[in-house]
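Structure record follows, encoded as structure tokens.
The values are calculated or read from the model by the stated rules, or taken from the named source; none is laboratory data. As the structure is a computational prediction, the values presented were derived from the model and not from experiment. Here Cβ is always computed from backbone atoms with ideal geometry, including for glycine, and neighbour counts include all displayed protein chains.
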Amino acid sequence: MQKHDVAIVSDEIHQDLTLRGHTFTPFLTLAQGYEHKVVSLTSMTKTFNIAGIKGSLIFAKDAALIEKIDAQQHLNDEYELNMFAYAAMHSAYRDGGEWLAQLLVYIEDNIEFTLDFLADKLPKIKVMRPEASYLIWLDCSAYSQDDEQLYDILRAAKVELNAGIKYGEEGHLKMRINVACPRMLLEAGLARMVMAFEGLGG
């Protein structure tokens, strides 16, 4: 930060979904002496699947920075939550602990199922085991050298994954799968992936 004089906005929306064996570290705790350059953003909308409430939280330590953020929010007319957001956020943080604990177990089971399935049925896919969240990155370069073709192959099999290239060059030939779903749907989607890649080096 000091060398390049940059500000950092840390998106920490998946913090509540840190998986077993890993620890979440808020970026602000690492920014001592540079608090005037750091803002952290989070929300319970990913954790509790309530994105429709449009509620989020901004964390900053520097008083002058907080004042700038507040002024910009008023300028954009984005400084108030709707009444449903207040109720949902309060309820989620007050009463959602047990539900979240059960959710994490289910997500971790789905992750393990996905890793085992791909290792058995599509071993040429290189899988990045997540440390948090329900998103798994898949390196599918064994099956195509073209991002658009890779997406089309899966789409033709009625599998809708996020194309990694949309997130930058590092996502070339990678796909992102969301495993936060009932196991039955996950199994069906993975089976369709096998059919999609049959005869393409798998």
Checklist entry - Going by the structure shown, is Ile165 β-branched (Val, Ile, Thr), part of a helix (DSSP H, G or I) and within 28 Å of Lys54 (Cα to Cα)? => result yes
Next on the checklist: Need pairs with beta-carbon distance below 7 Å; first residue closer than 18 Å to Tyr34 by Cβ and within the stretch 53-68, second among the hydroxyl-bearing types (Ser, Thr, Tyr); sequence gap 6+ or separate chains.
Outcome noted: Phe59/Ser40
Checklist entry - Is it the case that the stretch 137-148 has a residue that's under 25 Å from Thr47 (Cα atoms) and either at pLDDT 95 or above or surrounded by 17 or more Cβ atoms within 10 Å (Cβ to Cβ) (or both)? => result yes
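One line per residue, one yes/no per condition, for (1) of a type in the set (Val, Ile, Thr); (2) assigned by TED's automatic domain parsing to the domain that holds Thr47; (3) part of a loop (DSSP other than H, G, I, E, B); (4) touching a His at 6+ places or on another chain (Cβ under 7 Å):
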site: Thr114; (1), (2), (3), (4): yes, no, no, no
site: Ala119; (1), (2), (3), (4): no, no, no, no
site: Pro130; (1), (2), (3), (4): no, no, yes, no
site: Ser144; (1), (2), (3), (4): no, no, yes, no
site: Arg155; (1), (2), (3), (4): no, no, no, no
site: Glu170; (1), (2), (3), (4): no, no, no, no
site: Ala180; (1), (2), (3), (4): no, no, yes, no
site: Met184; (1), (2), (3), (4): no, no, no, no
Checklist entry - Only one of (1) at pLDDT 95 or above; (2) closer than 22 Å to Pro130 by Cα is not met by Met44, so which one is it? => result (1)
Checklist entry - Restricting attention to the stretch 1-48, which residues are surrounded by 11 or more Cβ atoms within 10 Å (Cβ to Cβ) and touching a residue at least 60 places away in the same chain (Cβ under 8 Å)? => result His14, Gln15, Asp16, Leu17, Thr18, Leu19, Phe24, Lys46
Next on the checklist: Any residue that is of a type in the set (Phe, Trp, Tyr), surrounded by 14 or more Cβ atoms within 10 Å (Cβ to Cβ), under 30 Å from Glu187 (Cα atoms) and touching a residue at least 60 places away in the same chain (Cβ under 8 Å) - is there at least one of those in the stretch 97-120?
Outcome noted: yes
Checklist entry - Of these, Leu100, Leu81, which one is more than 20 Å from Met193 (Cβ to Cβ) and modelled with pLDDT of 95 or more? => result Leu100
